[in-house]
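For reference, the structure is listed below as structure tokens.
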Amino acid sequence: RDAVAQDAVFRPVYVMLCRVVGCEVSAYNNPEQLTAGDLVVKQVPEKPGMFHVDAVIRDDSEFQQPFPDLYIRFSSMRGDAVAALRFAPLEYLAGEMTGVRIIPLQTEVRISLSAVDPGDQALGWSLKLIQMEVPLG
């Protein structure tokens, strides 16, 4: 069932059928169609030992998807991992997006969060979106 729910061709039929018979359809999960961009990591001068992250998430798929976890990897000058942090949507969604589970289709969502600075060795960073499997219901 879950494989059918993830197939873009069969999903609309499966969703309609489940509405009739009362079954639950798992959330659409296609992380390749989620994009993250405009990543900015900076120190917070008024809060020593903290850094601030800004980014944009966008869902370019045909179906709504839940907000992903954010995985931020910090690396040294040589590219070695120095630290990694994972943030759930509850940790990075704020303001009017607080409590929202689903990414609006074809809409850029700006996210912002603060965390402990991983240290002087962390000179590079990357952001990966990790989609969790949650029921859409």
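Please treat every number below as a calculation from the coordinates, not as lab data. Remember, it's a predicted structure, so these values are computed and weren't measured experimentally. Reconstructed Cβ throughout: ideal geometry from the backbone, glycine too, with neighbour counts over all protein chains shown.
Quick one: in the stretch 109-123, of everything that is loosely packed, with under 14 Cβ neighbours inside 10 Å and touching a strand residue (DSSP E or B) at 6+ places or on another chain (Cβ under 9 Å), which residue is nearest to Ala36 (Cα to Cα)?
The qualifying residue nearest to Ala36 (Cα to Cα) is Arg110.
The set of residues in the stretch 41-62 that are of a type outside the set (Gly, Ala, Ser) and farther than 19 Å from Met97 by Cβ comprises Val41, Lys42, Gln43, Val44, Pro45, Glu46, Lys47, Pro48, Met50, Phe51, Glu62.
For the stretch 80-122, the tally of residues that are over 14 Å from the mean Cα position of the chain (by Cα), within 20 Å of Val40 (Cβ to Cβ) and in contact (Cβ under 8 Å) with a residue 24 or more places away in the chain stands at 10.
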